[in-house]
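A.B. asks: The structure's right below; bear with me while I get my questions together.
Nothing in this text is a laboratory measurement; each read-out follows from the coordinates by a stated rule. This one's a predicted model, so the numbers in the text were calculated from it and none came from an experiment. Here the Cβ is made from the backbone with ideal geometry for all residues, glycine too, and neighbour counts use every protein chain on show.
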Amino acid sequence: MAAGDDLKLLGAWPSPFVVRVKLALSFKGLSFENVEEDLGNKSELLVSSNPVHKKVPVLLHNGKPICESMVIVQYIDEAFTGTGPSLLSSDPHERAIARFWAAYVDDKLVTSWVQSFRGKTEEDKSEGTKQMFAALQTLEGALRECSKGEGYFGGESVGLVDVSLGGLLSWLNATEEMSGTKIFDPVKTPLLAAWAERFSELDGAKLALPDKDRMVEFIQKRQAQAAAAAAASQK
Amino acid sequence: MGSQGDVTVLGTVVSPFALRVRMALYLKGVSYEYLEQNVFDKGELLLASNPVHKKVPVLIHGGKPVCESVAIVQYVDEFWSGAGFASILPADPYDRAVARFWAAYVDDKLVAAVLGILRAATEEERDEKVEAAHAVVAPMEEAFATCSKGKAFFSGGDSVGYLDLALGCHLFWLETLRSMFGVTIIDAGRTPQLAAWAERFLDTKAAKEVTPPTNSVEEYAGKLQAIWAAAASAK
């Protein structure tokens with residue numbers, strides 16, 4: 001890292017999008033100041049750095065803000081090319097495939113999993129769950145294609161898609177524990193199941209991924225709050 | 001780098017995402033075979049080339065498909081790069097991040113806003129949707145000032161770049177909304193710089209190269225409305 005490179009991450013520890021950025025910084029070996037935001041009382045700095053969305057994560061590099069998790073991850077890769085491994089191949093076609101699957105994780109997996117949690121009706125939620133498992137099945141095929149027999153979507157080492165999906169791991173693991181249903185099922189999606197374990201063991205991942213039990217506690221608290229709010233609004 | 005190996009584009013003349021890809025190829029001076037698709041009766045090649053989404057656009061280069069317009073445009077930029085080729089994304093990592101941020105914003109918000117206007121059942125609802133579209137477009141006025149650095153385009157130069165293509169490809173649909181409903185989304189009163197940019201963009205060779213045939217967007221919009229109406233009455 002060049003002298004005078006100041007990296008500050010505005011985040012919230014449970015957010016999978018924040019975790020993605022932490023993973024990228026971690027894998028690249030970059031040190032940064034972690035600023036924990038209270039999303040119920042957003043800081044001036046957050047609101048002025050991300051006026052369009054007012055969301056975390058925001059990465060400030062020498063004071064200049066970058067927003068949107070996958071934009072930030074690509075920025076980290078491009079601004080620090082000399083530092084640590086590349087998150088994208090140098091081959092244009094492989095890069096395009098990685099970008100395709102990174103977009104897929106957001107469009108299909110995140111969307112369906114959010115629906116399975118926040119769907120307004122039980123029907124909505126179970127539709128979300130169904131689509132989530134369909135998306136995971138597709139990602140199993142993607143991993144087979146992209147890994148070329150190696151351990152990661154990036155091949156021998158982690159890449160853009162590993163970071164994109166890796167950001168979700170703690171949430172998915174917590175969901176698994178709470179529902180009792182395997183999300184990374186070793187029978188249905190053996191490659192993904194192996195990937196999840198392998199990824200979690202990486203030093204870089206250990207630094208960035210929230211603790212599963214802490215995640216479960218957080219989700220349970222959120223659900224209790226939502227239930228209380230729903231009950232209160234019915235009185 | 002780059003060679004004129006066989007390049008095929010699967011698209012429709014009305015899809016902004018396909019237009020974006022074709023404009024990118026035009027900027028690079030790359031010739032390609034264009035195959036117009038019928039999205040209501042999808043052909044074998046489309047289904048085989050984009051099995052995950054079954055959507056246009058698809059770029060097939062040397063027999064290998066690339067899907068998702070964001071991935072395709074960057075592929076085109078990276079494959080046909082170096083001396084003699086125009087650049088689509090800026091060189092500086094921060095400028096690239098800003099361009100990617102706003103392009104993601106456009107795809108996330110503007111498409112939904114356009115469809116909202118088209119689907120509105122009453123004039124009152126349409127007015128609401130038009131207001132929403134104005135709100136989507138509003139932050140881009142300042143974005144233009146920042147990105148253009150006093151020049152003609154978002155690229156910060158005198159010719160179009162990544163963000164120009166990302167927003168510009170939607171202008172044809174905005175023109176159609178004007179002819180169908182008399183509504184102006186990029187309005188010279190509210191967003192003067194953006195309105196001036198839009199005129200300049202539509203005047204470029206790249207835009208003129210891909211301008212949809214007269215009435216084609218309106219016809220397609222009509223088909224969508226018919227499908228929605230049929231679905232609504234089927235319930």
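A.B. asks: Per-residue HN-Hα couplings for segment B:166-179, Karplus 6.51 cos²θ - 1.76 cosθ + 1.60 at θ = phi - 60°, whole Hz, x for Gly and Pro?
C.D. replies: For segment B:166-179, the Karplus-derived couplings read 4, 8, x, 5, 8, 4, 5, 5, 5, 4, 5, 4, 5, 6 Hz, x marking Gly and Pro.
A.B. asks: Quick one: Debye curve from the C-alpha atoms of segment A:113-235, no solvent, what's log10 I(q)/I(0) at q = 0.18, 0.19 Å⁻¹?
C.D. replies: -1.01, -1.10
A.B. asks: Take the alpha carbon gyration tensor of the protein assembly as shown, find the square roots of its eigenvalues, order them as a ≥ b ≥ c, and report rounded if a/c is under 1.5; if not, report prolate when a/b exceeds b/c, else oblate. Let's see the in-between values first.
C.D. replies: Values: a/c = 1.36, a/b = 1.23, b/c = 1.11.
Here the protein assembly as shown falls in the rounded category.
A.B. asks: On a straight-distance basis, which aspartates and glutamates could pair with B:Lys151 in a cross-link, Cα separation under 15 angstrom, same-chain partners fewer than 8 positions away excluded?
C.D. replies: The qualifying aspartates and glutamates are B:Asp95, B:Glu141, B:Glu142, B:Asp164, B:Glu199.
A.B. asks: Restricting to chain A, what percent of DSSP beta bridges are antiparallel, rounded to 5?
C.D. replies: Working: 9 of 13 bridges.
Counting DSSP beta bridges with both partners in chain A, the antiparallel share is about 70 percent.
A.B. asks: Something else about it: Top mean-square fluctuation among A:Gly180, A:Gly149, A:Gly141, Gaussian network model of chain A, C-alpha springs under 10 Å?
C.D. replies: Between A:Gly180, A:Gly149, A:Gly141, it is A:Gly180 that shows the largest mean-square fluctuation.
A.B. asks: Of the lysine pairs in segment A:56-142, how many meet both conditions: Cα atoms under 29 Å apart, and a spacing of 8 or more in sequence or different chains?
C.D. replies: 4
A.B. asks: Shifting gears a bit: Percent relative contact order of chain B, based on C-alpha pairs within less than 8 angstrom and at least six residues apart?
C.D. replies: 20
A.B. asks: Something else: Taking DSSP loops as anything outside H, G, I, E and B, show the longest stretch in chain A free of GluC sites (Glu not before Pro) there with at most 13 other beta carbons within 10 Å.
C.D. replies: Details: sites that count: A:Glu150, A:Glu156.
Between exposed loop sites, the widest span is A:1-149.
A.B. asks: Counting each pair of different Cα atoms once, what's the Kirkwood radius of segment B:40-95 in Å, rounded to one decimal?
C.D. replies: Working: mean 1/r = 0.0776 Å⁻¹.
When all Cα pairs of segment B:40-95 are included, the Kirkwood radius is 12.9 Å.
A.B. asks: Let me ask something else about it. Taking springs between alpha-carbon atoms closer than 10 angstrom, which of B:Met140, B:Met180, B:Met23 fluctuates most in the Gaussian network model of chain B?
C.D. replies: B:Met180
A.B. asks: Treat the count of other C-beta atoms within 10 Å as a stand-in for reagent exposure and order B:Asp41, B:Asp77, B:Asp203, A:Asp106 from fewest to most. Walk me through the numbers before you get to the answer.
C.D. replies: Numbers: B:Asp41 6, B:Asp77 20, B:Asp203 9, A:Asp106 15.
Final ranking by Cβ density, sparse to dense: B:Asp41, B:Asp203, A:Asp106, B:Asp77.
A.B. asks: What number, in percent, do you get for the relative contact order of chain A if the mean sequence gap of Cα pairs under 8 Å and at least 6 apart is divided by its residue count?
C.D. replies: Numbers: 297 pairs, mean separation 48.2, N = 235.
Once divided by the residue count of chain A, the mean separation gives 21 percent.
A.B. asks: Rounding to the nearest 20 debye, state how big the charge dipole of the protein assembly as shown is about its Cα centre with +1 on each Lys and Arg Cβ and -1 on each Asp and Glu Cβ. Spell out each step's value before the answer.
C.D. replies: Working: 48 positive and 61 negative charges, 84 e Å.
That gives the protein assembly as shown a dipole magnitude of about 400 debye.
A.B. asks: Out of all DSSP beta bridges in the protein assembly as shown, what portion is antiparallel? Express it as a percent rounded to 5. Don't skip to the answer; put the middle values down first.
C.D. replies: Numbers: 17 of 25 bridges.
Around 70 percent antiparallel, to the nearest 5.
A.B. asks: With the Cα gyration tensor of chain A in hand, convert its eigenvalues to equivalent ellipsoid semi-axes via √(5λ) and list them largest first in whole Å. Present the calculation step by step, with values, prior to reporting the outcome.
C.D. replies: Working: eigenvalues 158, 125, 44 Å².
That gives 28, 25, 15 Å for the three semi-axes.
A.B. asks: Still on this structure: GNM on chain A, C-alpha springs below 10 Å: top fluctuator among A:Lys212, A:Lys182, A:Lys120?
C.D. replies: The residue that fluctuates most here is A:Lys120.
A.B. asks: Calculate I(q)/I(0) for chain B by the Debye formula, one identical point scatterer on each C-alpha and no solvent, and give its log10 at q = 0.08, 0.15, 0.17, 0.18 Å⁻¹ to two decimals.
C.D. replies: -0.30, -1.07, -1.33, -1.46
A.B. asks: Placing +1 on the Cβ of each Lys and Arg and -1 on the Cβ of each Asp and Glu in chain A, which of A:Val161, A:Phe117, A:Pro65 has its Cα farthest towards the positive end of the resulting dipole?
C.D. replies: A:Phe117
A.B. asks: Further question on the same structure: Run the reach check for A:Lys42 against lysines, Cα to Cα strictly under 18 Å, same-chain hits fewer than 8 apart removed. What comes back?
C.D. replies: A:Lys8, A:Lys54, A:Lys55
A.B. asks: How large is the helix-only mean residue ellipticity at 222 nm for chain B, computed as the sum of -39500 (n - 2.57) over DSSP H runs with n ≥ 4, divided by its residue count, in deg cm²/dmol to the nearest 500? Spell out each step's value before the answer.
C.D. replies: Details: 11 runs with 136 residues, N = 235.
That calculation yields -18000 deg cm²/dmol at 222 nm.
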